[in-house]
Structure formats: C-alpha cells, structure tokens
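To keep things clear, I will list the structure first and then write my remarks on it.
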Amino acid sequence: MRTNPPLLSLIAAQTRLGRRSFGPFHLDIEAGERVAILGPSGAGKSTLLRLMAGELPCSAGSAALEGTLLARSSLIELSRRRAVLPQSTEVAFGLDCDLVIALGRVARHHDPDLAHIVREAAMQAHAGHLLGRRCDTLSGGEKARVQLARIFAQMWDREAGLILVDEPLSALDPGLQIDLLDKLDAFARQRGHAVVAVLHDINQALQAFSRLLLVLEGALMNDLPSHADAVPQLEALYGIQLQCFDDGQGSTLVLPWRAASAVTTS
Ligand SMILES: Nc1ncnc2c1ncn2[C@@H]1O[C@H](COP(=O)(O)OP(=O)(O)OP(=O)(O)O)[C@@H](O)[C@H]1O
C-alpha cells in the first residue's frame, strides 16, 4: 500500500478557456517520471500543462501537488516545488540574461549562492556566453536557452520536484535540441525531478520520455508507455501514417508518411 501521495494528481480536473471546457483529466505523475504530452495544434496540450502548473484553476475536480491542492498553495510554495517553462516568454524592459536567470530564484529570501548558481545554470543550458547580454537582443534559440537556465536555477537545490516545459526545444537547431534534451534529463535525474514536456516531435517523445499523454479536442485520449506499441494510437491522434524504423539501440524512430485519409483513398 502506498504511503505518499503522487507528486502530481489530477482527479477529474477540468478547466475552461472562454466557452471551451478541457478535461476531465484523471492522471498521476510520479517522482522522477518522464512524460511527454502530444497532440495536434490547438488540442489543449498547453492548457493541460497550465492546469498541472496551477496557472489555470480547476472549474471541476482537483489538482494537487504532493497531496496539497494547487489552488490552496501560494505562488512562493509552488515555486519551491515546481518550475514552468511556458511556450513563449517575452522579457520586457531589456533585462540582462543574468537577471532573467536569477528570477528563477526570486522566491528565496536568503540566497548566498545566487551568483554561482546563475552561472552554473547558464553553463548547463549552453547560455554561459550570453551572460551580460540584454535578453531582448537575443535570437529565439538564445532566448530559449536563457529560459531553460532560469528553470535550472529555480530547481538547482531542490529534490524530487516537478519541471513542466512547453515546447522547450522548438526554436533550437537539431544539435542543440539533442544536447539540451540530454542536459534537461541529466539535470532532472541528478535531483529526482519529474519532467512533463509538451512536444511536437514524436521521435523526441519516443526516445527521451517513458510515458505519453495523447491529447485530442481538449481531452486525454490515451495515457500509455512511450514504446513502439504506441504507434497506432499516435497515427490516430494526428491522422497520419507513421513508418517505423529500429534505431539499432532498442528504440523506435518514426517517419510521418502521409495523411491517413490519403492512404485510404489511394
Ligand atoms: N484565453 C483563451 N480563450 C479562449 N480560447 C483559448 C484561450 N487560450 C487558448 N484558447 C484555445 O484553446 C485551445 C487549446 O489551446 P492550447 O494552447 O492548449 O493548444 P495546444 O494543443 O497547446 O496547441 P499548439 O500545439 O498549437 O500550441 C485552442 O483552440 C486555443 O485557441
């Protein structure tokens, strides 16, 4: 019998945006898990992530972090236990990158290692060379690295927390995508953090994540292990055919092939 509550627990959780309702979502995230959220554009992936983060309220059901309702947690409490990298993060007022990364630690009253942690977090996110630069002068990929460094700084000296990221790699070149995904994984593994990521790249999800949440039309269509067996559900999710390849290291790679409707009519 389990004694501890799950790291994150959504129980029939629903939320609303305008007239549209999302959910009910019913799922647990356990400490140290690697979970990818996949689905077509506009399906509700970011909305689910924001519900998990406590950024959107539950209109029904509940969302709890380690047994405490998100709605009853202060922002300072939440920032100690979970970090969020949203899809777009525009920085106003031309702040320095150092300051943007340090914002990850703003909830701490006493932070004697701040400068060291900001520097180390920047190095891990390949943003060390950007320290001292104004954030509003950076390219999209450079901004993404600074924001990832902010998350690293926030969760640097925490254990078994939750990292929620929304398309963290989409502005990066392929080499940096692979490298930063490895860095995020290593960072989280060293500290026992769970990672939940909204992704558009099915191969990244299959290779670097152990569980897939498939979201369609505002609802959770499937919650299943990240494995070649998930390919039929992925095809149904996107309405495409996926050709599968063995990567020679025990994982499956997929190539989007054509729209499912085109297949049936040909
Ligand atoms: N404030 C809002 N009011 C009304 N509708 C909204 C609001 N914010 C988002 N939506 C709509 O809710 C739906 C889900 O949005 P969401 O950002 O969760 O989708 P997504 O799956 O993350 O999409 P993408 O892959 O394109 O980023 C979209 O149709 C979007 O237009």
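Put simply, of Ile117, Ile76 the only residue that is surrounded by 15 or more Cβ atoms within 10 Å (Cβ to Cβ) and aliphatic (A, V, I, L, M) is Ile117.
Figure legend. Inter-residue proximity from region 61-83: first residues at pLDDT 95 or above, second residues surrounded by 16 or more Cβ atoms within 10 Å (Cβ to Cβ) and among the charged types (D, E, K, R), beta-carbon distance below 6 Å, spacing 6+ or different chains. Indicated pairs: Leu65/Arg81. Every condition in (1) within 16 Å of the ligand (Cβ to nearest atom); (2) at pLDDT 90 or above is met by Pro168 except one, and the failing one is (2). If you go through region 142-190 and keep only what is in a helix (DSSP H, G or I) and under 13 Å from Gly104 (Cβ atoms), you end up with Val146, Gln147, Leu148, Ala149, Arg150, Ile151, Phe152, Ala153, Gln154, Phe187. Screening region 1-120 for strands (runs of 3 or more DSSP E) wholly inside it with 3 or more residues that are within 16 Å of the ligand (Cβ to nearest atom) and in contact with a helix residue (DSSP H, G or I) (Cβ under 8 Å, 6 or more places away or on another chain) returns the ranges 8-17, 20-29, 34-38. Criterion applied to Gly218, Gly192 was being on the phi > 0 side of the Ramachandran plot, surrounded by 14 or more Cβ atoms within 10 Å (Cβ to Cβ) and at pLDDT 95 or above, and the one residue passing it is Gly218.
Please verify whether region 144-160 includes one or more residues that are at pLDDT 90 or above, within 16 Å of the ligand (Cβ to nearest atom), touching a Leu at 6+ places or on another chain (Cβ under 7 Å) and not charged (D, E, K, R). Checking region 144-160: not a single residue is at pLDDT 90 or above, within 16 Å of the ligand (Cβ to nearest atom), touching a Leu at 6+ places or on another chain (Cβ under 7 Å) and not charged (D, E, K, R).
In summary, Gly192 fulfils each of the numbered conditions (1) more than 20 Å from Gln241 (Cα to Cα); (2) of a type in the set (Gly, Ala, Ser); (3) out of contact with any Asp or Glu (no Cβ under 7 Å at 6 or more places or on another chain) with the single exception of condition (3).
Within region 207-225, track down each residue that is in contact with a Ser or Thr (Cβ under 8 Å, 6 or more places away or on another chain), farther than 19 Å from Gly32 by Cβ and either acidic (Asp, Glu) or away from the ligand (no atom under 13 Å from the Cβ) (or both). Residues satisfying the conditions do not exist here.
The values are calculated or read from the model by the stated rules, or taken from the named source; none is laboratory data. Just so it is clear, the structure is predicted and the values come from calculations on it, not from any experiment. Here Cβ is always computed from backbone atoms with ideal geometry, including for glycine, and neighbour counts include all displayed protein chains.
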